[in-house]
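J.: To start, I am sharing the structure in question, which I have written as structure tokens.
The values are calculated or read from the model by the stated rules, or taken from the named source; none is laboratory data. From a predicted model like this one, the values you see are computed outputs, not experimental measurements. Backbone-built Cβ (ideal geometry, glycine too); neighbour counts: all protein chains shown. Side chains included, ligands, DNA and RNA excluded: accessible areas come from the protein's heavy atoms. Shrake-Rupley method; radii C 1.70, N 1.55, O 1.52, S 1.80 Å.
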Amino acid sequence: MSAERLLALVCLLLIAACDSKSSNKEVKKPVEEISAVYRGGAVEEAEKRLRAHLQAEPRDDLAWTLLGHVLLDLNRPTEAEAAYAKALELEPRRIEAITGQGRIFRMHKEYEQAMAAYQRATAIDPSYAQAWSSMMVVALKRGLYDEAIAHGEKAYALDKNDPTIAANLAIAYHYAGNTAKRDELTQVAQKLGFKGMDWLDKVYTGQIEVRD
């Protein structure tokens, strides 16, 4: 399982928990159902359902945001970027879409633009742990370990139940040479049900490199 896929799943879980900005509560339910399909791994089916839903509800910014995540998983970043842009046209404060844009920048190694997107998200909602976690990932890729740990500790303080945040913070401690904290956060990630423990071990043993 890749780090990008894990982060996408975290974004999705956060989206599913958010209240839609639409006043029509019936809009939210289909998106929640589609997000469950996506979490189950049926990415192409999720896209099909989202597009059908958006035909009926074209102003559902939450659905456009989720479509962006789905399209990124399908390796279609140009289309994903357009979906995020549509979400933000409808709701400029949709922080999940802003963070999705940051993910696209990160995929293209445009780290300054990625950080700017994440900082924009935290300016809107300082309690949005995923944006802080994403800043941690960018700092890790750039080899800025103290910065990565600072962002990661902020994310973890905001959300101690997210296994991916714990796992990414463990990686930051690993690269910083703090094995005690690395092992502590690794155990936390495992207890929280982190699905990439084998992947994490390979990072620690040098078989997988997450830095650029």
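J.: Considering only protein heavy atoms, what is the solvent-accessible area of D61 at a probe of 1.4 Å, reported in Å² to the nearest 10?
T.: We get 10 Å² for D61.
J.: Two-decimal Rg/Rh of the range 52-129 from alpha-carbon positions, Kirkwood Rh?
T.: Radius of gyration relative to Kirkwood radius: 0.98.
J.: At a threshold of 8 angstrom on Cα-Cα distance, excluding pairs fewer than six apart, so keeping six or more, what relative contact order does the chain reach in percent?
T.: Relative contact order of the chain: 13 percent.
J.: Turning to a different aspect of this structure: Going by accessible area, probe 1.4 Å, with all protein chains left in place, what is the ranking of K86, K160, largest first?
T.: K160, K86
J.: In whole angstrom, note down how far apart the Cα centers of the range 28-90 and the range 108-164 are.
T.: With the range 28-90 and the range 108-164 each reduced to a Cα centre, they are spaced 23 Å.
J.: Using only Cα atoms and rounding to the nearest 10 degrees, what angle (0 to 90) does helix 179-191 make with the longest principal axis of the chain?
T.: Once rounded, one gets 40 degrees.
J.: Still on this model: Rank these by accessible area, largest first, 1.4 Å probe: M136, M197, M107.
T.: M107, M197, M136
J.: Compute a Gaussian network model of the chain, connecting alpha carbons closer than 10 Å, and tell me which residue from W64, W199, W132 fluctuates the most.
T.: Largest GNM mean-square fluctuation: W199.
J.: Roughly how tilted is helix 3-17, in degrees to the nearest 10 and between 0 and 90, from the longest Cα axis of the chain?
T.: So the inclination is approximately 50 degrees.
J.: A further question on this structure: Carbon and sulfur: what percent of the chain's accessible surface (1.4 Å probe)?
T.: The nonpolar share, carbon plus sulfur, comes to 48 percent.
J.: Which entry in (i) 44, 25, 18; (ii) 29, 17, 15; (iii) 39, 20, 15 is this structure's computed semi-axes √(5λ) of the Cα gyration tensor in Å?
T.: Evaluating semi-axes √(5λ) of the Cα gyration tensor in Å on these atoms matches (ii).
J.: Using only protein heavy atoms and a 1.4 Å probe, report how much of R182 is accessible, in Å² to the nearest 10.
T.: 40 Å²
J.: Give me the accessible area per residue for the chain, probe 1.4 Å, as a whole number in Å².
T.: Averaged over the residues of the chain, the accessible area is 47 Å².
J.: With every protein chain left in place, what is the accessible area of L72 in Å² (1.4 Å probe, nearest 10)?
T.: 10 Å²
J.: From the C-alpha coordinates alone, can you work out the Kirkwood hydrodynamic radius of the range 92-210, in Å?
T.: Final number for the Kirkwood radius of the range 92-210 is 14.2 Å.
J.: Take each of the peptides 116-125, 32-41, average the number of other beta-carbon atoms within 10 Å over its residues, and list them starting from the highest.
T.: By packing density, highest mean first, the sequence is 116-125, 32-41.
J.: Using a simple charge model, +1 on the beta-carbon of Lys and Arg, -1 on the beta-carbon of Asp and Glu, nothing else, what dipole does the range 158-212 show about its Cα centre, in debye to the nearest 20?
T.: My answer is approximately 100 debye.
J.: If you don't mind, another one. With springs only between Cα atoms under 10 Å apart, run a GNM on the chain and tell me which of L62, L169, L192 wobbles the most.
T.: Maximum among the listed residues: L192.
J.: What does the charge dipole of the chain about its Cα centre add up to, to the nearest 20 debye, if the Cβ of each Lys and Arg holds +1 and the Cβ of each Asp and Glu holds -1?
T.: The dipole of the chain has a size of about 60 debye.
J.: If you don't mind, another one. Expressed as an acute angle from 0 to 90° and rounded to the nearest 10, what is the orientation of the C-alpha long axis of helix 95-107 relative to the principal long axis of the chain?
T.: 60 degrees
J.: So what are the ³J(HN,Hα) numbers for the range 148-156, from phi and the Karplus equation (6.51, -1.76, 1.60; θ = phi - 60°), rounded to whole Hz, Gly and Pro as x?
T.: Listing the rounded values in order: 4, 5, 4, 5, x, 5, 5, 4, 5 Hz.
J.: Extending each Cα 7 Å along its Cβ direction at M197 and V210, get the distance between those two points in nm, one decimal.
T.: Using points 7 Å along Cα→Cβ, the separation is 1.7 nm.
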